[in-house]
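Here's the structure we're looking at; comments come further down.
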Amino acid sequence: MPTPHVLSRSQLTAALILVTLFPFGVVVWLYSSQPDFDDPVLEVDVRVGPWAWPNPDAENARTVPCVLLKNPTSDPWNNLNLSINEQFHFFHPETVGAGEEVQIPLKFFHTKGNAYFPPESQPLKLLTIYAQIPSGARAIVEVEGRQLGFIGPVAGVE
């Protein structure tokens, strides 16, 4: 019967180091060799202002501060997501067609803990809009509060 091969202490140490560092080295190499891609910029017309909710013709319509978005492109958007101050979020479940407008009341934005955005007491400093464009890429645009086109008075917008 042949004698089994036994690793010495130094061989075992070298093997353990190699088994540990080799996968880590591959991950570092893959990360550093991949090119950086910036997200495409989403082309959007956006403003904030009062709007009749749920629609101007409804019998029980109320005027509330809203984000008013328009898709000025000839392509539809999917998975539309908006974020106020990088804290309050809203997901629009439907496709936004070319030239279509969407009105979203500011009270619909909420945190992950389900606290709703208080437009009367917290300023809107940054609005981030994400959408999936037909190429499958995620397009993004960030609009500072002072760059938003306001239509009428809205409390809490900086």
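The values are calculated or read from the model by the stated rules, or taken from the named source; none is laboratory data. Keep in mind it's a predicted model, so treat the numbers as computed, not measured. All Cβ positions, even for glycine, are placed from backbone atoms using ideal geometry, and neighbour counts span all protein chains on display. Remember, those area values only see protein heavy atoms, side chains included, never the ligands or the DNA or RNA. Shrake-Rupley method; radii C 1.70, N 1.55, O 1.52, S 1.80 Å.
Details
- Failed criterion for G145 (all others in (1) within 25 Å of D39 (Cα to Cα); (2) at pLDDT below 90; (3) of a type outside the set (D, E); (4) surrounded by fewer than 16 Cβ atoms within 10 Å (Cβ to Cβ) hold): (4)
- The requirement of being at pLDDT 90 or above, part of a loop (DSSP other than H, G, I, E, B) and not aromatic (F, W, Y) is fulfilled somewhere in region 56-71, by at least one residue.
- Conditions (1) out of contact with any strand residue (DSSP E or B) (no Cβ under 6 Å at 6 or more places or on another chain); (2) closer than 22 Å to P40 by Cα: number failed by R146: (2)
- Selection of region 10-69 for residues being of a type in the set (S, T, N, Q) and more than 25 Å from A131 (Cβ to Cβ) yields S10, Q11, T13, T20, S32, S33, N60, T63.
- Consider region 24-49 and keep the residues that are of a type outside the set (A, V, I, L, M, F, W, C) and surrounded by 10 or more Cβ atoms within 10 Å (Cβ to Cβ). The one that is nearest to the chain's Cα centre (by Cα) is D39.
- Across region 81-134, the number of residues qualifying as part of a loop (DSSP other than H, G, I, E, B) and either surrounded by fewer than 13 Cβ atoms within 10 Å (Cβ to Cβ) or of a type outside the set (A, V, I, L, M) (or both) comes to 25.
- Tallying residues that are part of a helix (DSSP H, G or I), of a type in the set (F, W, Y) and under 30 Å from A137 (Cα atoms) within region 1-38 yields 3.
- Checking each residue in region 50-80 for being among the hydroxyl-bearing types (S, T, Y) and open to solvent by less than 10 Å² (accessible area, probe 1.4 Å) picks out no residue at all.
- Taken as a whole, the condition of being hydroxyl-bearing (S, T, Y) and in contact with a helix residue (DSSP H, G or I) (Cβ under 9 Å, 6 or more places away or on another chain) applies to Y116.
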